[in-house]
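Structure, as structure tokens:
Rule-based calculations on the coordinates, nothing more; no lab input. This is a predicted model, so every value here is computed, not measured. Note that we place each Cβ from the backbone using ideal geometry, even for glycine, and neighbour counts take in every protein chain shown.
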Amino acid sequence: MNQLIAVALGGACGAVVRFLMSSGLYQWLGRDFPYGTLVVNVVGSFLIGLLTETLILQRIAIGLEYRAAILVGFIGAFTTFSTFSLETLYLIEQGSLAKAALNVVASVAGCLLAVWIGLLCGRTLFLYSGGVIHWSGGVIPFALMIVNAIGAFLIGIIATILLQKVALAMEFRAAIMVIMIGTYLTLSGLYLILFLLEQGFSFNSHINLMLGIFISNGLCCILVIWLGLFVGKQI
């Protein structure tokens, strides 16, 4: 039952983010080609490759509910094969055979390439010393912090689309941004604390280390989110 609830919550968040991102892309680039569906599918494919490597294959301490919420719920709802199929069929019915073929090739090849790049990035991050730097009295899980930074950058890009492209009232934009960024900072920091607990550290003996990692991750993610906002505005 807990996994069902986790998948439902993750799916709700993924569906909302997909709607905002795809709607913004369509308002920005137009609907003569399924840009929105193509982009969310490629981004989602990259994320599932990266997170499968970091959350499952590297066996980081994380509950089954958390994994289900992210991989099955969020990314499953964020990506959409059915919409891709429908939009391709519409292009064929309209006589746009070249665009339909381009959508099929770009979607299939792009998604496969994105999954491969995501897996490669995850494996590369853990090649050196298992993704951590050991020092007297503690560790720095640099691989997981880099994964968190990648997610933060994507959030910055999505937030830019939300602010500039989607027709929403300003208070709704602000509320969604605060919730999205605040939730991400909290969960990514807790993720690192779970890793430290798996490594044998405890709250009683290593509270300063855990707080330092949590705060450092938050500051890094905030900086990268700002970078994503800046890059998004230049697109």
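Taking only Cα atoms, what is the 0 to 90° angle, nearest 10, from helix 142-164's long axis to the longest principal axis of the chain? Value to nearest ten degrees: 40. In region 1-126, one over the average inverse separation of all distinct C-alpha pairs is 15.4 Å, which is the Kirkwood hydrodynamic radius. Relative to the dominant Cα principal axis of the chain, helix 97-125 is inclined by about 10°. Here each label is just a point 7 Å from Cα along the line to Cβ, and for LEU86 and LEU209 those points are 5.1 nm apart. Annotation: amide H-H contacts under 5 Å for ILE133 (H modelled 1.01 Å from N, sequence separation of 5 or more, or interchain): ILE140, PHE142. Phi-derived couplings, Karplus 6.51 cos²θ - 1.76 cosθ + 1.60 at θ = phi - 60°, listed residue by residue for region 3-20: 5, 5, 5, 4, 4, 5, 5, x, x, 4, 5, x, 5, 5, 5, 4, 4, 5 Hz, with x used for Gly and Pro.
Note on PHE230 and TYR128: with the Förster distance fixed at 35 Å, the Cβ-Cβ geometry gives a FRET efficiency of about 0.75.
Using R₀ = 30 Å, calculate the FRET efficiency as 1/(1 + (r/R₀)^6) where r is the Cβ-Cβ separation of TRP135 and THR186; round to 0.05.
0.70
Between GLU171 and LEU9, the C-beta separation translates, for a Förster distance of 22 Å, into a calculated FRET efficiency of about 0.40. In degrees, nearest 10, range 0 to 90: what is the angle between the Cα axis of helix 203-234 and the longest Cα principal axis of the chain? In the chain, helix 203-234 runs at an angle near 30 degrees to the longest axis.
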